[in-house]
Every structure is written in structure tokens, then in C-alpha cells.
Amino acid sequence: MSLPIPGGKVRGSVTGKPIMALLDLLGRTWGLGIIWNLHQGPATFRQLQERCEKISPTLLNSRLKELKTLKLVNVCADGYQLSELGSELFNIIFPLGAWSKKWAHKLENELTPERKV
């Protein structure tokens, strides 16, 4: 899978509009999860693996390489941390966490047991 770079072909877009490149990146397995978990602060590879529910080392390594190349994660003395851009992205995404809880609660109360996924 190629790196989702704005301006290039990405999943869902031949023109690679920046929003489509971002959604491609965040939609990859653990792309968003790594950003979400690094908001807690820097982490070594093993600490981040634990935060990410024991993600496989191969997948974590691949995603970290992508996130570093795309300037969302930096290497620091304590391991890995969000870059300035990564922190900005997290601050934009964070409100979705609260919204998703409201959404889940509403669905839980309205869907009958046979309609729940």
C-alpha cells in the first residue's frame, strides 16, 4: 500500500485531495489509534504497543514509519510523540470521541436486540 500523500492517488480519490489523503491515512488499521494513544504523551515502542491493545510489532512499525514520514509523529528521547501537526490533528479529532459516545448511547437505546450489530 502506497503512502497517502496529498496530490497523489489515494483510496477513494484519483486526484488525492488533501482531505482524501488524510481520510485514507486515518482509515488504515491503527492509523488513527496510534495518534489517539500518543496524545497521552511520549511512549516507547513497547509502551505504545500496550496502549494500542497489543498491536503486532510489524503493523506498529509500518504505521509509525508512515506517520513519521507524513510529519505527524516524531522520535524523541522517550520514544515516539505527536509532532506539532499531529497534536493539531488530535485536537480536531478529539471532539469526535465525545460525539461517538452520545451516538453509541442513542443507538443502544433505540435499536432492538435483533437489530444490533
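Computed over region 31-115, the P(r) curve from all C-alpha pair distances, binned at 5 Å from the origin, holds 3, 14, 22, 19, 14, 9, 8, 6, 3, 1, 0 percent per bin. Shown for the chain: lysine pairs separated by 8 or more places, or found on different chains, whose C-alpha atoms are under 27 Å apart, numbering 14. Placing pseudo-labels 7 Å out from each Cα toward the beta carbon at K17 and C76 gives an inter-label distance of 3.4 nm. How far is helix 18-27 tilted off the main Cα axis of the chain, in degrees rounded to 10, range 0 to 90? For helix 18-27, the angle is close to 70 degrees.
Taking amide H as placed 1.01 Å from N in the peptide plane, the amide H of V73 sits under 5 Å from that of K68, S83, each at least 5 places away or on another chain.
Secondary-structure-derived ellipticity at 222 nm for the chain, considering helices only, amounts to -17500 deg cm²/dmol, per-run term -39500 (n - 2.57) for DSSP H runs with n ≥ 4.
Projecting the Cα positions of A21, L96, G41 onto the charge dipole of the chain (unit charges on Cβ atoms of Lys, Arg, Asp and Glu, taken about the Cα centre) puts A21 furthest along the positive direction. Where is the GNM fluctuation largest for the chain (alpha-carbon springs, 10 angstrom cutoff): L107, L96, L82? Taking springs between Cα atoms under 10 Å, the residue moving most is L107.
Distance between the modelled labels on L107 and K9, one decimal in nanometres: 3.3 nm (7 Å Cα→Cβ projection). If you run the Gaussian network model on the chain, springs between alpha carbon atoms under 10 Å, then out of K106, K65, K54 the most flexible one is K106. With each label modelled as a point 7 angstrom along the Cα→C-beta vector, the E84-E53 pair spans 3.4 nm. Looking at the chain as a GNM with Cα springs under 10 Å, which of Q81, Q40, Q49 has the largest mean-square fluctuation? Looking only at Q81, Q40, Q49, the biggest GNM fluctuation is shown by Q40. When +1 charges are put on Lys and Arg Cβ atoms and -1 charges on Asp and Glu Cβ atoms, the dipole computed for region 26-117 relative to its Cα centre reaches about 160 debye.
Computed from the coordinates by the stated procedures, all read-outs in this text should not be read as laboratory data. Just so you know, these numbers come straight off a predicted model, no measurement behind them. Because the Cβ atoms are built from the backbone with ideal geometry, glycine has one as well, and the counts that use them run over all protein chains shown.
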